[in-house]
Amino acid sequence: MKSTTKKSSLCSRVMTGLAVLIPVLAIGLRLVWHSTWFVGYDLNNCPGCVPKIDWSNSSNVEVVSPEKVNEFDEKGAVLFSNALPVELVQELAKEVDALPNTFMTDVLARTLLPQYMRYEHHLETRSELVRDWALHGPLSKWAAELMNVDQVRLYNAEAIYHAGEASPNPCKPAWHRDTIAAPFPTNVRSVTFNIYFEDIGADAPNGD
């Protein structure tokens, strides 16, 4: 009798625990499902997401000319001067500066990549403003025009803060490209946009 009673009591506690746990998990999954973090991994590029920035002026500016396309095809890189409003870039810089570091900076960069003061990936999953830039700004339009395709998909929005003159790396230029590390075949075309948060130049402390 005692053994049966103990088993019955244990089953009762397990059922009670499940009854509490299942609704909590359901609520948690629902919150995650609608979070900025989750939509960053949605292969449909965040269906239903709407821009919070008025991109109408920037999107209507013709930046990618046939000459720029030819230059990109020949050299693999092209410079767009004064293509984005300064105030929007300043707002983006302030947002990215405020994002806390993760293990990418505190562990990986500190131990293996000392040339970087910050090294953060997938910011579009942590900031609605960054995601707005990545999905609704003119960058995707420019990328499609450079590659002569109908549409493109966001792969990664990252923040790289170079150590500049304090870098132990003897190579001074601070530009960075992750194309060779991207997890897709080499025959898949891609475009990387570097948006600088401060003035740069060949003789500047943060390279060119």
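The values are calculated or read from the model by the stated rules, or taken from the named source; none is laboratory data. Keep in mind it's a predicted model, so treat the numbers as computed, not measured. Methodologically, a virtual Cβ is constructed for each residue, glycine included, from the backbone with ideal geometry; neighbour enumeration extends over all protein chains shown. When the accessible area is computed, the model is the full protein with side chains, heavy atoms only, and any ligands, DNA or RNA have been set aside. Shrake-Rupley method; radii C 1.70, N 1.55, O 1.52, S 1.80 Å.
Select, from LEU135, LEU154, LEU139, LEU129, the only residue that is modelled with pLDDT under 80 and within 23 Å of ALA83 (Cα to Cα).
From the options LEU135, LEU154, LEU139, LEU129, the qualifying one is LEU154.
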note = Only unsatisfied item for ALA174, checking (1) at pLDDT 60 or above; (2) out of contact with any Lys or Arg (no Cβ under 8 Å at 6 or more places or on another chain), is (1)
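Residues in the stretch 75-86: is at least one hydrophobic (A, V, I, L, M, F, W, C), open to solvent by less than 50 Å² (accessible area, probe 1.4 Å), touching a helix residue (DSSP H, G or I) at 6+ places or on another chain (Cβ under 6 Å) and within 19 Å of THR192 (Cα to Cα)?
Checked against the condition, which is being hydrophobic (A, V, I, L, M, F, W, C), open to solvent by less than 50 Å² (accessible area, probe 1.4 Å), touching a helix residue (DSSP H, G or I) at 6+ places or on another chain (Cβ under 6 Å) and within 19 Å of THR192 (Cα to Cα), the stretch 75-86 yields at least one hit.
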Of all residues in the stretch 108-121 being of a type outside the set (A, V, I, L, M) and surrounded by 18 or more Cβ atoms within 10 Å (Cβ to Cβ), the one that is farthest from the chain's Cα centre (by Cα) = GLN115
key: Complete set of residues in the stretch 178-203 that are assigned to a loop (DSSP other than H, G, I, E, B), at pLDDT below 75 and either exposed (fewer than 12 other Cβ atoms within 10 Å of the Cβ) or in contact with a strand residue (DSSP E or B) (Cβ under 7 Å, 6 or more places away or on another chain) (or both)   = PRO183, PHE184, PRO185, THR186, ASP199, GLY201, ALA202, ASP203
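Within the stretch 87-107, count every residue that is of a type outside the set (Asp, Glu) and surrounded by 14 or more Cβ atoms within 10 Å (Cβ to Cβ). Step through it out loud before you land on a result.
Of the residues in the stretch 87-107, the ones of a type outside the set (Asp, Glu) are 88-90, 92-94, 96, 98-105, 107.
Okay, now just the ones that are also surrounded by 14 or more Cβ atoms within 10 Å (Cβ to Cβ), so 88-89, 92-93, 96, 99, 101-102, 104-105.
Looking only at that region, the number is 10.
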